[in-house]
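Each remark here refers to the structure printed beneath this line.
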Amino acid sequence: MILSASGNGLFTFRDLVAWWTQSSRNWLFLLDDDAFRKRNQALEVFQRHDGHRVGKVSDEQFSGLIRGLRNAEITTKSEEVVRKGLDPTGKDMITLNDYINWLAHMGIIHDRVPA
């Protein structure tokens, strides 16, 4: 994406308005209450099990994380299925990015609001 429409390297107010109103950003403002709630719940579950707030959940914390997802009704999948989805390579640790990608891949959170 080009932020400076004139190409002079300066980011003007006009450039800001053009960027801000792009249709590709509009979905951020269109999340319904349920989608917003699911995102917040999913983040809260992860944060409860990321005790050191480093953006990682270790293998020892997986069961609690998965139980939290099930208790919050974010997923109904079995622990085995969720574990395999979150840690397909068996590295015994997931990052927040891995977690968000898994949530999106499973359709639990969406990048776009349905039309």
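The values are calculated or read from the model by the stated rules, or taken from the named source; none is laboratory data. From a predicted model like this one, the values you see are computed outputs, not experimental measurements. Methodologically, a virtual Cβ is constructed for each residue, glycine included, from the backbone with ideal geometry; neighbour enumeration extends over all protein chains shown. For the accessible areas, the whole protein counts, side chains as well, though only heavy atoms, and no ligand, DNA or RNA atoms are used. Shrake-Rupley method; radii C 1.70, N 1.55, O 1.52, S 1.80 Å.
In this rough spin-label picture, where each label sits 7 Å from Cα along the Cβ direction, the residue 47-residue 70 distance is 2.5 nm.
Counting only residues at least eight positions apart within a chain, or on another chain, the aspartates and glutamates with an alpha carbon under 14 Å from that of residue 91 are 59, 60. Partner aspartates and glutamates whose Cα lies under 18 Å from the Cα of residue 56, excluding those fewer than 8 positions away in the same chain, are identified as 44, 87, 92, 98. Charges at C-beta only: +1 for Lys and Arg, -1 for Asp and Glu. How large is the resulting dipole of the range 50-98 about its Cα centre, in Debye rounded to 20? In total the dipole reaches around 100 debye.
In a solvent-free Debye calculation with one equal scatterer on each Cα, what is log10 I(q)/I(0) for the range 39-115 at q = 0.11, 0.18, 0.19, 0.26 Å⁻¹, listed in the order of the q values? Here log10 of I(q) over I(0) equals -0.24, -0.66, -0.73, -1.42. Computed with a 1.4 Å probe on the full set of protein chains, the accessible area for residue 43 sits at about 70 Å².
Roughly what would the spin-label model give for residue 34 and residue 101, points 7 Å off Cα along C-beta, in nm? It is 2.8 nm.
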